[in-house]
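Here is the structure we will look at.
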Amino acid sequence: GEHRGCTDAKIMLSVARRARCGVPAARCMSSLVKVSPTMAKLIRDMGLEGVYITPSGPKDTVTKPDIDAAAAAKAAKDKELAKPLTIDFRPMEGWELDYYGTAPTLPTSATTSAGELLEYYETMYTMRRMEIATDVLYKGKFVAGFCHLYDGQEGVGMGLEAAATMTDSIVTSYRDHCYQYTRGSTVAEVLGELLGKYIGPAKGKGGSMHMYKADNNFYGGNGIVGAQTSLGAGLAFAHKYAEDGGVAFALYGDGASNQGQLFEALNMAALMKLPLVYVCENNQYGMGTSKKRSSANHDYYTKGHYVPGIKCDGMNVLSVRECTKFLKKHAVEVGPIVVEFDTYRYHGHSMSDPGITYRNREEVAQVRATRDPVDRVKKYCLDTELVTEAEIKEIDKEIKAEVVAAVEAAKSAPMPDPSELWTDIHVGQTKDFFMRGPDITTSSGVYGTVV
């Protein structure tokens, strides 16, 4: 696209990435140069962890002038990276946008910066490597139960989060690992949940399909197809009732798009003008069934009937971001809206699905080669000429190492204590709350206690 004319962007340094992966901060200091405790503290205080510092002291030790020089170089680089630019993207398609009045103009470009693009790339590449690591763990029999991967759909997750805030609620299907990450959990915590470890967001009791982070308004992770759509309407009602300005994003796939509960909840949301965004992540296949075989109408953005809709390129993070800004504004000011993000999953429906019985390898390879969301944002970074191929390779190397470390942290984490079987069953339950076991002698609590 054309680069023209953005807000300052905060560059994520390696120390921040490693913290998100669950790697101890102490490991973020470079071991390639000699640093005294005093200089190490100064580096931390000046926010220079992960920034290369050229040593000039005796025996290649780092001095204060070296740190000052690195800080000045970083400031100059950050200034360049924050320069605004505009990138055009494929036009969106609208449905009944004039239902409540004059049809608005949909965005066709995004204002950004090289630094912001680099931040998106780092987050999306971390998502990709986390899901690849999950694939390896599953095949190594470290992960039990169902497991659904998100690789290929990172443009939707990153673009939505780039426009949303933690006040906004997200509820999704069982393809939920990356949303747990973007909502604030570390890679090690996400992988820990997959491995049934206590460090997981559900203390290892939920597994792949039941991620959860209520403190950042992420409500799962739902194992029943389409169940989250009615929950999303309830979350939207809560936002309107609380008058907190938040929006509920209820995500579902094309395979859930014909669920009756979706339309029942959407009807209620329209009547009450709730701040609800129904997000259809159309990855082209519901399990092993193509959209053309499952839906009489597979223009999913039009299926709200009396509720407006938008179709957007879900493989372009900037297009998703700008679309989400529009969706939020509409939901708050007018009421519910439906969006279809046109995307693609590289893996099968779940890890038990090879993904090539109902489509061929050539189709998957074609999408990877021409529409990959991670490669697209990488190209945007390189096109600015402020980020080099060597810098991208170094970021890739760091993220791969960080995810490997997160895998080891998850593997070495403790299992939940057996007593955890009796916790988190009811809201506000006391330790005496009675719950019957398979045999009365294995029950928990005091018989007759109901709170």
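Out of all the residues in the range 205-237, which are open to solvent by less than 50 Å² (accessible area, probe 1.4 Å), closer than 29 Å to Glu420 by Cβ and aliphatic (A, V, I, L, M)?
Met209, Met211, Ala214, Ala227, Leu235
Take the residues in the range 391-406 that are among the hydrophobic types (A, V, I, L, M, F, W, C) and out of contact with any Ser or Thr (no Cβ under 9 Å at 6 or more places or on another chain); name whichever of them is least open to solvent (accessible area, probe 1.4 Å).
So the first thing to find is which residues in the range 391-406 are among the hydrophobic types (A, V, I, L, M, F, W, C), and the list is 392, 395, 399, 401, 403-406.
Among the residues that remain, those that are also out of contact with any Ser or Thr (no Cβ under 9 Å at 6 or more places or on another chain) are: 392, 401, 404-405.
Numbers: Ile392: 0, Ala401: 58, Val404: 90, Ala405: 16 Å².
Checked the range 391-406; the qualifying residue least open to solvent (accessible area, probe 1.4 Å) is Ile392.
Scanning the range 276-315 for residues that are more than 14 Å from Met92 (Cα to Cα) and among the polar types (S, T, N, Q), which turns out surrounded by the fewest Cβ atoms within 10 Å (Cβ to Cβ)? I'd like the intermediate steps shown before the answer.
Taking the range 276-315 as the starting set, the residues that turn out to be more than 14 Å from Met92 (Cα to Cα) are 276-298, 303-307.
Applying the additional criterion that residues be among the polar types (S, T, N, Q) yields 282-284, 289-290, 294-295, 297.
On the way: Asn282: 27, Asn283: 23, Gln284: 17, Thr289: 14, Ser290: 14, Ser294: 15, Ser295: 18, Asn297: 10.
The selected residue is Asn297.
Inspect all residues belonging to the range 104-112 and state whether any of them is hydrophobic (A, V, I, L, M, F, W, C) and in contact with a helix residue (DSSP H, G or I) (Cβ under 7 Å, 6 or more places away or on another chain).
The first filter runs over the range 104-112 and keeps only residues hydrophobic (A, V, I, L, M, F, W, C), leaving 106, 110.
Next, from what is left, pick out any that are in contact with a helix residue (DSSP H, G or I) (Cβ under 7 Å, 6 or more places away or on another chain): 106, 110.
For the range 104-112, residues hydrophobic (A, V, I, L, M, F, W, C) and in contact with a helix residue (DSSP H, G or I) (Cβ under 7 Å, 6 or more places away or on another chain): present.
Of the numbered conditions (1) open to solvent by less than 20 Å² (accessible area, probe 1.4 Å); (2) assigned to a loop (DSSP other than H, G, I, E, B); (3) within 30 Å of Arg293 (Cα to Cα); (4) out of contact with any Lys or Arg (no Cβ under 7 Å at 6 or more places or on another chain), Gly152 fails exactly one; give the number of that condition.
Result: Gly152 fails condition (4) only.
Out of Ala162, Ala114, I need the residue that is open to solvent by 20 Å² or more (accessible area, probe 1.4 Å), aliphatic (A, V, I, L, M) and within 29 Å of Asp88 (Cβ to Cβ). Which one? Break it down stepwise before answering.
Numbers: Ala114 fails: open to solvent by 20 Å² or more (accessible area, probe 1.4 Å).
Result: Ala162 is the single residue among Ala162, Ala114 that is open to solvent by 20 Å² or more (accessible area, probe 1.4 Å), aliphatic (A, V, I, L, M) and within 29 Å of Asp88 (Cβ to Cβ).
Among the residues of the range 42-72, how many are open to solvent by 50 Å² or more (accessible area, probe 1.4 Å) and either of a type outside the set (A, V, I, L, M) or part of a strand (DSSP E or B) (or both)? Spell out how you get there, then give the answer.
Of the range 42-72, the ones open to solvent by 50 Å² or more (accessible area, probe 1.4 Å) are 44-46, 52, 54, 56, 58-60, 64-65, 68-69, 72.
Of the ones still in play, those that are also either of a type outside the set (A, V, I, L, M) or part of a strand (DSSP E or B) (or both) are 44-45, 52, 54, 56, 58-60, 64-65, 68.
Qualifying residue count for the region: 11.
Going by the conditions given, is Tyr300 aromatic (Phe, Trp, Tyr) and touching an Asp or Glu at 6+ places or on another chain (Cβ under 9 Å)? Steps first, please.
On the way: aromatic (Phe, Trp, Tyr): yes; touching an Asp or Glu at 6+ places or on another chain (Cβ under 9 Å): yes.
Criteria met by Tyr300.
Inside the range 86-132, can you point out the residues that are of a type in the set (A, V, I, L, M, F, W, C) and part of a loop (DSSP other than H, G, I, E, B)?
So the first thing to find is which residues in the range 86-132 are of a type in the set (A, V, I, L, M, F, W, C), and the list is 87, 89, 92, 95, 97, 103, 106, 110, 114, 117-118, 124, 127, 130, 132.
Listed by number, the residues that qualify are Phe89, Met92, Leu97, Ala103, Leu106.
Working only within the range 169-194, note down all residues that are out of contact with any strand residue (DSSP E or B) (no Cβ under 8 Å at 6 or more places or on another chain), open to solvent by 20 Å² or more (accessible area, probe 1.4 Å) and within 21 Å of Ala405 (Cβ to Cβ). Explain how you work it out, then say what you get.
Just the residues of the range 169-194 that are out of contact with any strand residue (DSSP E or B) (no Cβ under 8 Å at 6 or more places or on another chain), to begin with: 174, 176-178, 181-182, 186-194.
If we keep only those that are open to solvent by 20 Å² or more (accessible area, probe 1.4 Å) too, we end up with 174, 182, 186, 189.
Correct list: Thr182, Thr186, Glu189.
How many residues are crowded, with 19+ Cβ neighbours inside 10 Å and touching a strand residue (DSSP E or B) at 6+ places or on another chain (Cβ under 9 Å) when one looks only at the range 367-385?
Filtering the range 367-385 down to residues crowded, with 19+ Cβ neighbours inside 10 Å leaves 372-374, 376-378, 380-381, 384.
Cutting the leftovers down to touching a strand residue (DSSP E or B) at 6+ places or on another chain (Cβ under 9 Å) gives us 380, 384.
Within the range 367-385, residues that are crowded, with 19+ Cβ neighbours inside 10 Å and touching a strand residue (DSSP E or B) at 6+ places or on another chain (Cβ under 9 Å) number 2.
Only one of these is among the acidic types (Asp, Glu) and at pLDDT below 95: Glu389, Glu402, Glu322, Glu385. Name it.
Working: Glu389 fails: at pLDDT below 95; Glu402 fails: at pLDDT below 95; Glu322 fails: at pLDDT below 95.
Only one candidate qualifies: Glu385.
Here is a check on your reading of the model: is Ala75 among the small types (Gly, Ala, Ser), surrounded by fewer than 20 Cβ atoms within 10 Å (Cβ to Cβ), modelled with pLDDT under 95 and farther than 25 Å from Tyr301 by Cβ? Steps first, please.
Values: among the small types (Gly, Ala, Ser): yes; surrounded by fewer than 20 Cβ atoms within 10 Å (Cβ to Cβ): yes; modelled with pLDDT under 95: yes; farther than 25 Å from Tyr301 by Cβ: yes.
Taking the combined requirement at face value, the residue satisfies it.
Since Phe326 meets every condition but one in (1) within 30 Å of Thr86 (Cβ to Cβ); (2) within 22 Å of the chain's Cα centre (by Cα); (3) open to solvent by less than 20 Å² (accessible area, probe 1.4 Å), which condition does it not meet?
(3)
The values are calculated or read from the model by the stated rules, or taken from the named source; none is laboratory data. Since the model is a prediction, treat every value here as computed from it, not as a measurement. Here Cβ is always computed from backbone atoms with ideal geometry, including for glycine, and neighbour counts include all displayed protein chains. Surface areas here come from the heavy atoms of the whole protein model, side chains and all, with no ligands, DNA or RNA. Shrake-Rupley method; radii C 1.70, N 1.55, O 1.52, S 1.80 Å.
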